[in-house]
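Working notes, structure below.
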Amino acid sequence: MSGEEEENAAELKIGDEFLKAKCLMNCEVSLILEHKYEQLQQMSEDATNQMSQVFEKSLQYVKRFSRYKNPDAVRQVREILSRYQLAEFELCVLGNLCPETVEEATTMVPSLKSRDRSLTDDAIEKMLNDLSLIKKFE
C-alpha cells in the first residue's frame with residue numbers, strides 16, 4: 001500500500017503486511033498458552049513460579065474471552081470461516097465476537113459487504129448459523 005492511500009479496514013485497505021499476516025482467534029491462543037502451561041507444570045513442581053505475569057494475565061484473558069473451548073470446535077470454526085475467503089483479521093473478528101445476525105456481522109466487519117465481494121446476506125447468515133451450531137454442540 002502506498003503512503004498516499006489511507007488505511008480503511010472496512011474496505012480491506014489495511015496494508016500488505018496485515019493482509020498476509022496469520023491472525024489467531026482468542027480460542028486458538030488459549031489452546032497454545034494452556035499447552036505451554038502444561039509443559040511448564042511438567043518441568044517444574046511449581047509452574048506458577050515459572051510463569052511471567054504477562055504470560056499469566058494473557059492466559060487468563062484469552063480463557064475468559066474464548067468463545068470455543070474444545071480443540072475440535074476451534075478447528076471447525078477456522079475451517080468454516082476459511083471457506084468464505086475471508087481476510088485473516090475478518091476471520092478472527094468473527095470467531096472472537098460471534099455475531100448472531102447478518103447486521104451485527106457486517107457492522108463489526110464492514111468489509112464483508114464490499115462491492116468486490118460475492119458474500120450475500122444468505123451466505124453470511126449460513127456462516128453464522130454454522131458457527132452457532134458448533135457452539136451449541138460443544
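Quick check on residue 126: is it over 22 Å from residue 65 (Cα atoms) and either touching a Ser or Thr at 6+ places or on another chain (Cβ under 8 Å) or open to solvent by 80 Å² or more (accessible area, probe 1.4 Å) (or both)? Talk me through it step by step, then tell me what you get.
Values: over 22 Å from residue 65 (Cα atoms): yes; either touching a Ser or Thr at 6+ places or on another chain (Cβ under 8 Å) or open to solvent by 80 Å² or more (accessible area, probe 1.4 Å) (or both): yes.
It is true that residue 126 is over 22 Å from residue 65 (Cα atoms) and either touching a Ser or Thr at 6+ places or on another chain (Cβ under 8 Å) or open to solvent by 80 Å² or more (accessible area, probe 1.4 Å) (or both).
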Selection from the range 105-138 of residues more than 16 Å from the chain's Cα centre (by Cα) and of a type in the set (D, E, K, R) yields 113, 115, 116, 117, 121, 122, 125, 126, 136, 138
Within the range 17-33, of all residues that are open to solvent by 60 Å² or more (accessible area, probe 1.4 Å) and modelled with pLDDT of 90 or more, the one farthest from residue 96 (Cα to Cα) is 32
Checked 138, 38 against criteria (modelled with pLDDT under 90 and part of a helix (DSSP H, G or I)); the one match is 38
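Out of everything in the range 56-115 that is among the aromatic types (Phe, Trp, Tyr) and assigned to a helix (DSSP H, G or I), what residue ends up being most open to solvent (accessible area, probe 1.4 Å)?
61
The values are calculated or read from the model by the stated rules, or taken from the named source; none is laboratory data. Note that this is a predicted model, so its numbers are computed, not measured. Positions of Cβ are backbone-derived with ideal geometry, glycine not excepted, and every protein chain shown enters the neighbour counts. Note: areas computed on protein heavy atoms with side chains; ligands, DNA, RNA excluded. Shrake-Rupley method; radii C 1.70, N 1.55, O 1.52, S 1.80 Å.
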